[in-house]
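Structure in structure tokens, see below.
What follows is calculated from the coordinates using simple rules that are stated; it is not laboratory data. Please read all numbers here as calculations on a predicted model, not as lab measurements. Here Cβ is always computed from backbone atoms with ideal geometry, including for glycine, and neighbour counts include all displayed protein chains.
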Amino acid sequence: MIERTLILLKPDALQRSITGKIISRLEDAGLKIVGMKMVWVDKEFSREHYAEHVEKPFYKGLEALITMGPVIAMAIEGVEAIETVRKMVGATEPKSSLPGTIRGDYAHVSYGHADKHGIGIKNLIHASANTEDAKKEVSLWFEDKEMHSYDTVHDAHTTK
Ligand code: TYD
């Protein structure tokens, strides 16, 4: 099934100038960018995007991190893209994310360390967790007119 999922390259990815490397990994896997823009998230929008986390102890650090600079938001399309992208992204805690995943290859910090310093965990990327979140998040971040439909070689290779 062709699915759409929301990716955010978080401010730490932009500040480290590794967005190109991360986007390449998604493209190399045959996933298609169908929406893309740069946004500087404010506190209000952070609370909308992270509504399920607002009451959690780590939210303050998470909000500080997601609002500390611009993000690149992408809507990505592909065969069962939600699960595939989550697999490529890796575990939430960089210390636990496996080598070969985006978080595992480009970050290493633990929850313990981040908590000790009262900071949000810099794990570079957000990807929708499941079908329900993907639907909600793609429509929160993108208007219909910002989404694009076009063919890639993968469209042919995944059907013929
Ligand atoms: P979550 O949605 O659980 O993880 P993921 O981004 O892998 O879907 O959490 C959202 C973000 O909140 C996560 O990317 C990093 C931050 N976070 C913390 O800083 N501390 C924590 O203990 C957790 C669970 C998350």
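Restricting attention to region 119-149, which residues are over 24 Å from Ile102 (Cα atoms) and free of Cβ contacts under 8 Å to residues at least 60 places away in the same chain?
Ser139, Glu143, Asp144, Lys145
Does at least one position in region 49-57 carry a residue that is part of a helix (DSSP H, G or I), of a type in the set (Phe, Trp, Tyr) and free of Cβ contacts under 8 Å to residues at least 60 places away in the same chain?
no
Pick from region 130-160 the residues that are surrounded by fewer than 16 Cβ atoms within 10 Å (Cβ to Cβ) and of a type in the set (A, V, I, L, M, F, W, C): which of them is nearest to Leu62 (Cα to Cα)?
Leu140
So, one more: Taking only region 17-48 into account, find how many residues are without any contact (Cβ under 8 Å) to a residue 12 or more places away in the chain and assigned to a helix (DSSP H, G or I). Step through it out loud before you land on a result.
Within region 17-48, the first condition is being without any contact (Cβ under 8 Å) to a residue 12 or more places away in the chain, and the residues that meet it are 17, 20, 24, 27-28, 44-45.
After this cut, where a residue has to be assigned to a helix (DSSP H, G or I) as well, the list is 20, 24, 27-28, 44-45.
Here the count works out to 6.
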